[in-house]
Ligand code: SF4
């Protein structure tokens, strides 16, 4: 599983951090998403899916396989 985050789309809403704080963070300067773990463990899949679903900007994508 691999995650991608498009900072050009991100609006800094922080939903992804609430869903999966081990995978996502927000930049202290501009509030935009920071990917902490681009290749998260399988155990984090549900949390990552939740983050992708909850992102209001469609900035996150999950690539499985
Ligand atoms: S939920 Fe989406 S818009 Fe909000 S910080 Fe995360 S990537 Fe950015």
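Where a number appears in this text, it was derived from the coordinates with a stated rule and is not lab data. This structure is a prediction, so every number in the text was calculated from the model and none was measured. Heads up, the Cβs are rebuilt from the backbone with ideal geometry, glycines too, and the neighbour counts pull from every protein chain shown.
In degrees, nearest 10, range 0 to 90: what is the angle between the Cα axis of helix 45-54 and the longest Cα principal axis of the chain? Between helix and principal axis, roughly 40 degrees. Between residue 41 and residue 53, the modelled label-to-label distance comes to 2.3 nm, taking each label 7 Å out from Cα in the direction of the beta carbon. Ordering of 46-53, 13-20, 32-39 by packing is 13-20, 46-53, 32-39, highest average first (other Cβ atoms within 10 Å, averaged per residue).
Sum -39500 (n - 2.57) across every DSSP H segment of at least 4 residues in the chain, then divide by the residue count to get the 222 nm mean residue ellipticity, nearest 500. Each step should come with its number before you reach the end.
Values: 2 runs with 15 residues, N = 65.
Mean residue ellipticity, 222 nm, calculated: -6000 deg cm²/dmol.
Measuring how big the stretch 2-63 is from its alpha-carbon positions, Rg and Dmax come out at 10.1, 31 Å.
Give me the percent relative contact order of the stretch 2-63, please, defined on Cα pairs under 8 angstrom at least 6 residues apart.
Numbers: 107 pairs, mean separation 28.4, N = 62.
Reported as a whole number, the value is 46 percent.
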